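One structure below.
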Amino acid sequence: MYKWEYRTRSAFLRATMSISSLPKTTLEAASDQYQRLRDSDIQSSPAPINQQLQSPLFSVIPPEIRNVIFRLALSPCNDLDRPYPTNAFHYRPDYQYEHVSHTELLRTCKLVYAEAKGLPWTMRTHTFWCNRGPDDESLNGRYQRYDPVAYLERLQMSEGQKQTIGPVHIMAQLYWLEQTFPQICDSPILQCLRHIKITVRYSDWWYWESNEPLKLQRDWTEGLQSLSSLEEFEFEMEVIKRDKAQLMDIVKDVSTWRIPLADTDRFLVPNGDPPHEYEWMGSPYPDSAGVYYSHSTSSWVDLWDITDSLEPDVLNLPLFVVSLKWVAKSM
């Protein structure tokens, strides 16, 4: 059995098991949107498309359930053949492997392609490392991982497809967040974004390797104001557990932010949920940083000054993470 066949059959089983739990209004909305996009793509096709009425997938299963099946089959998953090094800056609990979407299903027939061709970028979280991300095999691919504008422009989406783009997740060093992020937010291609998440990793803070106190400016949120289509914003901050108290002081201030969206009467306001907190263990020896976390001194030290035994593959650096969410509301 081909990998895509296994994923499609698994998706069908999961869909039939879970579809009954979806609210009727959700199913109706999904069906209406699905049908509109499907009919539009089929009508715009330069050649007739076989309706595949001999297949139960199209003649028996209603479109809203078929949409769920296609979504599950085309959702990204971990590529177990491409693990990330445990001491890489981009290694995290939800980024231990390269993410991949298996799109072989789209090659089965024109009707499947017409109905589901937009799902790979709708279901995917589009992740960018700005900076210190995984290297690609080509310079072009690596450049686009660091450049949300270049990546989204390369997709060459129609106006309708732009409205269905999946969430964007940016891992941002503070210097990039403060200097570059506000500039790129004026790009027309980013005006389609509805969900954006920004993560500041422990190694993204200013002068983290020198054990400097945490500092966070707010000026970069002016970039968010330009993204007038935003519906949800998530801000995630990570520190070594030693700095938890400093981070919680910052969280108190951040949790009060209200961000106006340009050319609308809407504001990004806290969603009302308490901050989400979690911990995980990372490597005390971050790749190519030239420093090592000394547990004996609770500080980062230069590699040539270490007194601890060097064990870069051991995950014993306690990290603390806090995530806050905002939603857009008319005020």
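Work out how much length residue 271 to residue 252 would gain on full extension: take 0.36 nm times their residue separation and subtract the Cα-Cα distance, in nm to one decimal.
5.4 nm
Order the peptides 167-176, 218-227, 247-256 from the highest to the lowest mean number of other Cβ atoms within 10 Å of their residues.
167-176, 218-227, 247-256
Quick one: 162, 329, 215, fewest Cβ neighbours within 10 Å first, how do they rank?
The order, fewest Cβ neighbours first, is 215, 329, 162.
Going highest first, how would you order 113-123, 187-197 by mean Cβ packing within 10 Å? Walk me through the numbers before you get to the answer.
Values: 113-123: 19.5, 187-197: 17.1.
The densest-packed peptide leads the list: 113-123, 187-197.
Measuring from a point 7 Å past the Cα of residue 82 along Cα-to-C-beta, which residues in segment 168-193 have an amide N at less than 19 Å?
Counting only backbone N, you get 168-171.
Any idea what the relative contact order of segment 80-207 is, in percent, if you count C-alpha pairs under 8 Å spaced at least 6 apart?
The normalised contact order for segment 80-207 reaches 23 percent.
Only counting other Cβ atoms within 10 Å, I'd like 204, 287 sorted with the fewest neighbours first.
287, 204
Could you work out the equivalent-ellipsoid semi-axes for segment 88-230, taking the square root of 5 times each eigenvalue of the Cα gyration tensor, largest first, in whole Å?
Whole-Å semi-axes of the equivalent ellipsoid: 30, 19, 12.
Which length gain, in nm to one decimal place, applies between residue 154 and residue 52 when the Cα-Cα distance is subtracted from 0.36 nm times their residue separation?
Values: separation 102, 0.36 × 102 = 36.72 nm, distance 3.21 nm.
Extra length from residue 154 to residue 52 when fully extended: 33.5 nm.
Would you please put 52-64, 231-243 in order of how densely packed they are, using the mean number of other Cβ atoms within 10 angstrom per residue and starting with the highest?
231-243, 52-64
Defining a contact as two alpha carbons under 8 Å apart and six or more residues distant in sequence, what relative contact order in percent does segment 186-231 show?
61 percent
Just subtract the alpha-carbon distance of residue 316 and residue 97 from 0.36 nm times their residue separation and send over the number in nm, one decimal. Don't skip to the answer; put the middle values down first.
Values: separation 219, 0.36 × 219 = 78.84 nm, distance 1.98 nm.
Stretched out fully, the residue 316 to residue 97 stretch lengthens by 76.9 nm.
Within 12 Å, Cβ to Cβ, of residue 182, how many net charges do the neighbouring residues add up to if Lys/Arg are +1 and Asp/Glu are -1?
-3
Which entries of 117/329; 162/197; 110/197; 215/325; 162/325; 244/325 have Cα-Cα distances beyond 26 Å here?
Long pairs (Cα-Cα over 26 Å): 117/329; 110/197.
Values in this text are rule-based calculations from the coordinates and carry no lab data. No experiment lies behind these values; they were computed from the predicted model shown. Cβ: placed from backbone, ideal geometry, glycine included. Neighbour counts: every protein chain shown.
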